[in-house]
């Protein structure tokens, strides 16, 4: 049973005012989702692209971070939420976290939850932890990133029919933009060709090219 947890959430696009639904992280386990934790450190967690106008922005909600190796649990409530609602958020997410951890692996540190003002505060705490450990954390390996990519992400990718669909899929699963995913898709294309599944290989290749273009656009400075 996975520890990390995503929830479908609705938000209003700040650019065009459209209502958008996307999967956002509410429980994040450091060992399960190293690539997503890296996004958290860089301020890119739970960013969603609007399928209507192409604008993107963060979906602000509660977050419970768990790192078994560091024996650390950090909670941040949703901004602008009343105190009693924040307490309910913390209680509910903590119960989900503990229930997802096998009983024999539960340790006393789970009851000692640090509180951050918001998600950016969680990222700041992680950076402080990194400095105490002796510098920046090592970049996650390609194997760790691929293993952290859920099957739903590939399914969402293969269901895309347009650029807007692709941006929605990437908004829900930011790991799709990691360069390591390009290698994964290349292997799947080769496997499909070897098995004589030319149509599947062609579909994979078109989405690989679209992801490559989106990845290059995301890496380019705005306005160039």
Determine, yes or no, whether residue 80 is modelled with pLDDT of 80 or more, over 19 Å from the mean Cα position of the chain (by Cα) and within 30 Å of residue 203 (Cα to Cα).
-> no
From the options 54, 17, 80, residue that is at positive phi and in contact (Cβ under 8 Å) with a residue 24 or more places away in the chain | 54
Test residue 100 against the criterion of being crowded, with 17+ Cβ neighbours inside 10 Å, touching a residue at least 60 places away in the same chain (Cβ under 8 Å) and under 22 Å from residue 7 (Cα atoms), and give yes or no.
-> no
Any residue in the stretch 103-110 that is under 18 Å from residue 26 (Cα atoms) and either surrounded by 15 or more Cβ atoms within 10 Å (Cβ to Cβ) or out of contact with any helix residue (DSSP H, G or I) (no Cβ under 9 Å at 6 or more places or on another chain) (or both)?
-> yes
Only one of (1) within 24 Å of residue 43 (Cβ to Cβ); (2) touching a residue at least 24 places away in the same chain (Cβ under 8 Å); (3) surrounded by 13 or more Cβ atoms within 10 Å (Cβ to Cβ) fails for residue 207. Which number is that?
-> (1)
Out of 54, 35, sole residue that is modelled with pLDDT of 85 or more and in contact with a helix residue (DSSP H, G or I) (Cβ under 7 Å, 6 or more places away or on another chain) | 35
Restricting attention to the stretch 73-87, does a residue exist that is closer than 21 Å to residue 172 by Cβ and in a strand (DSSP E or B)?
-> yes
Just for the stretch 22-49: of the residues that are in contact with a strand residue (DSSP E or B) (Cβ under 6 Å, 6 or more places away or on another chain) and more than 12 Å from residue 174 (Cβ to Cβ), which one is surrounded by the most Cβ atoms within 10 Å (Cβ to Cβ)?
-> 28
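The values are calculated or read from the model by the stated rules, or taken from the named source; none is laboratory data. As the structure is a computational prediction, the values presented were derived from the model and not from experiment. A quick note on method: Cβ atoms are made from the backbone with ideal geometry, for glycine too, and the neighbour counts reach across all protein chains shown.
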